[in-house]
Amino acid sequence: MNFAFYGVAVDLVVFMRRVLHQENATAASFISMWTGTVYIFSLFGAFLSDSYMGRYRTCVMFQIIFLIHRPCQPPSQLGVVMFYISTFTTAFGIGGYQPSVATFGANHYFYLALNIGSLFSDSFLAFYEDKGMWVMGFGVSAVAVALGLLLFLLGTPYYRHCKQSGNPLTRMAQVFVAAFCKRHLQPPPGEVLHEVEGEDSETQGIRKLIHSDQLRCLDKAAIVTEEDYHAGKAKNPWRLCTVTQVEEVKCILSLIPIWMCTIIFSVEFTQMASTFVEQGTAMDTNLFGNFYMPAASMSMFDIASVILSVFAYNFFFVPMATWFTKNPAGITELQRMGTGLVIALVGMLAAAIVEVYRLRRVVAKDQPSPMSVLWQAPQYMLIGASEVFMYIGQLDFFNEQTPDSMKCFGSSLCMASISLGNYASMLMVSAVTSITNRQNKNGWITKNLNYGHLERFFLLLAVLSVIDFIFFAIFSMMYKGIQFQGREKDISPNYN
């Protein structure tokens, strides 16, 4: 599936520039918007999976949608319309199933499989698409989707199917409504708050959560009053909630500040599919003889870095870190995410340095710089290494720190971060282009990058990364981990 997805995504910016004749800023903005749409649909997929359909049926449905995206023949007016319809149908299909399939197995190996699939698309398909063989490239992607769906269905007898726990949004809304109705009451000690055990529990098979001292105002939703029980009438769930329900809401609210700090990283990550590719097309792609490296294929260095970093992290970094920290995992997920932020910052600085030297090597303004495209390898590899720390750390963190009834939602938080990062990138590119192109001056991101200053855009991202890291460190120190009943000794409140 990822082979097919990246087969479409890898050269989409090149397709828009060469076939649809879009400018660099326009193409970069569209790629950000499209990728953002892919991952924002993960929230919808997670909602269906956790609430109604379960992971298996959600995966099957969205993979079928992914398969039926429509072919088109641009650049006619109808072709352009069909291009946008087909790309956003693809976004709906791939985005909807990702949070469900991510919870099927270990996050390390899910992310590893994702990158192995994209390795083939970034090398094999990117080469042919760069030659203009778009029909073959997109056709192979469609065949890969069908094959992936078939392989997924063949494993049906071996999957474990989890029971859906109902609509989590309704349970969360009940907490806010009940707390508002009892806003004049004073929250009592946690041990006297309402909880339901055994067969009477509305979410059987879901581990109960231990009461915490955070956001005590929400505890009012679990205060039992005389009005909550009337003779012969069932409990009103909009007036009285359980401690577990309240703690579910607290859990999600406490994750939001940390989640927001991951958006800037996603802005940096999405540059590989937009500005990095545009930078590469303005460099010398000939390596030796008749062999050349398409700018989009440079992402192979990112993928290779991810694959190598996953193994290096598990077999070298974790044992060494464990020796110092005495933590079996080496470092906590929050520390891992923070490390990813720092590495991505260095990646942006590397991209800016490459752009400075690329511009210095320009001989003719209407020709690519004679600087080899291979000089982009460090920035791709740094972003790849940062993914292993940030995205895998994110998946582990949100899966571990969300209630049992919201595991797919936990996975979708990571993907929603990527989504908002792409939308933020689109807005930043548009704003930077609008502001820096005033008074007939060449802006930072121009149609011909030899007249622009792309390095300033990368430096802007680096500055934002520093600010983002400071806030991330503050929120991490304030964060307290979720506690399940029966695991009080396993999870320290000081999760950072």
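The values are calculated or read from the model by the stated rules, or taken from the named source; none is laboratory data. It should be emphasised that the depicted structure is a prediction, and the values quoted were computed from it without experimental measurement. In this analysis, Cβ positions are derived from the backbone assuming ideal geometry, glycine residues included, and neighbour counts consider all displayed protein chains.
Looking only at residues in segment 246-281 that are surrounded by 24 or more Cβ atoms within 10 Å (Cβ to Cβ) and not in a helix (DSSP H, G or I), the one that is farthest from the chain's Cα centre (by Cα) is SER274.
Against the conditions (1) under 30 Å from VAL177 (Cβ atoms); (2) in contact (Cβ under 8 Å) with a residue 40 or more places away in the chain; (3) assigned to a helix (DSSP H, G or I), ALA296 satisfies every one except (1). Taking each residue of segment 240-265 that is of a type in the set (Gly, Ala, Ser) and looking for partners that are outside any helix (DSSP H, G or I) with beta-carbon atoms closer than 8 Å, six or more apart or interchain, yields SER254/GLN214; SER254/LEU215; SER254/TYR479; SER254/LYS480. The set of residues from segment 172-196 being over 15 Å from VAL243 (Cα atoms), among the charged types (D, E, K, R) and part of a helix (DSSP H, G or I) is empty. Based on this model, can you work out whether TYR423 counts as among the aromatic types (Phe, Trp, Tyr) and modelled with pLDDT of 90 or more? Against the criterion (among the aromatic types (Phe, Trp, Tyr) and modelled with pLDDT of 90 or more), TYR423 does not qualify.
Residues that are assigned by TED's automatic domain parsing to the domain that holds VAL354, of a type in the set (Phe, Trp, Tyr) and either in contact with a Leu (Cβ under 9 Å, 6 or more places away or on another chain) or under 28 Å from HIS211 (Cβ atoms) (or both) occur in segment 406-421; there is at least one. Residues in segment 307-324 that are buried (at least 18 other Cβ atoms within 10 Å of the Cβ) and either β-branched (Val, Ile, Thr) or not assigned by TED's automatic domain parsing to the domain that holds ALA377 (or both): 1 in all.
Evaluate the following for VAL342: is it touching a residue at least 24 places away in the same chain (Cβ under 8 Å), within 20 Å of the chain's Cα centre (by Cα) and either surrounded by fewer than 19 Cβ atoms within 10 Å (Cβ to Cβ) or within 30 Å of ARG456 (Cβ to Cβ) (or both)? So VAL342 passes the test.
Rundown of residues vs (1) surrounded by fewer than 13 Cβ atoms within 10 Å (Cβ to Cβ); (2) at pLDDT 80 or above, yes/no style:
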{"site": "GLY166", "(1), (2)": "no, no"}
{"site": "ARG171", "(1), (2)": "no, yes"}
{"site": "PHE176", "(1), (2)": "no, yes"}
{"site": "GLN186", "(1), (2)": "yes, yes"}
{"site": "GLN204", "(1), (2)": "yes, no"}
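The residues of segment 393-411 that are part of a helix (DSSP H, G or I) and surrounded by 24 or more Cβ atoms within 10 Å (Cβ to Cβ), listed by number, are GLY393, GLN394, LEU395, PHE397, PHE398, MET406, CYS408, PHE409, GLY410, SER411.
Tell me whether segment 246-262 contains one or more residues that are more than 30 Å from VAL175 (Cβ to Cβ) and assigned by TED's automatic domain parsing to the domain that holds ARG358. Scanning segment 246-262, I find no residue that is more than 30 Å from VAL175 (Cβ to Cβ) and assigned by TED's automatic domain parsing to the domain that holds ARG358, so the answer is no.
Figure legend. Inter-residue proximity from segment 445-457: first residues crowded, with 17+ Cβ neighbours inside 10 Å, second residues β-branched (Val, Ile, Thr) and part of a loop (DSSP other than H, G, I, E, B), beta-carbon distance below 8 Å, spacing 6+ or different chains. Indicated pairs: ASN450/VAL362; GLY452/ILE445; GLY452/THR446; LEU454/ILE445; PHE457/ILE445.
Test ALA304 against the criterion of being among the small types (Gly, Ala, Ser), surrounded by fewer than 19 Cβ atoms within 10 Å (Cβ to Cβ) and not in a loop (DSSP other than H, G, I, E, B), and give yes or no. So ALA304 fits the description; yes. With the structure loaded, tell me whether ALA364 is more than 23 Å from PHE269 (Cβ to Cβ) and either touching a residue at least 24 places away in the same chain (Cβ under 8 Å) or assigned by TED's automatic domain parsing to the domain that holds ILE258 (or both) or whether it fails that test. So ALA364 fits the description; yes.
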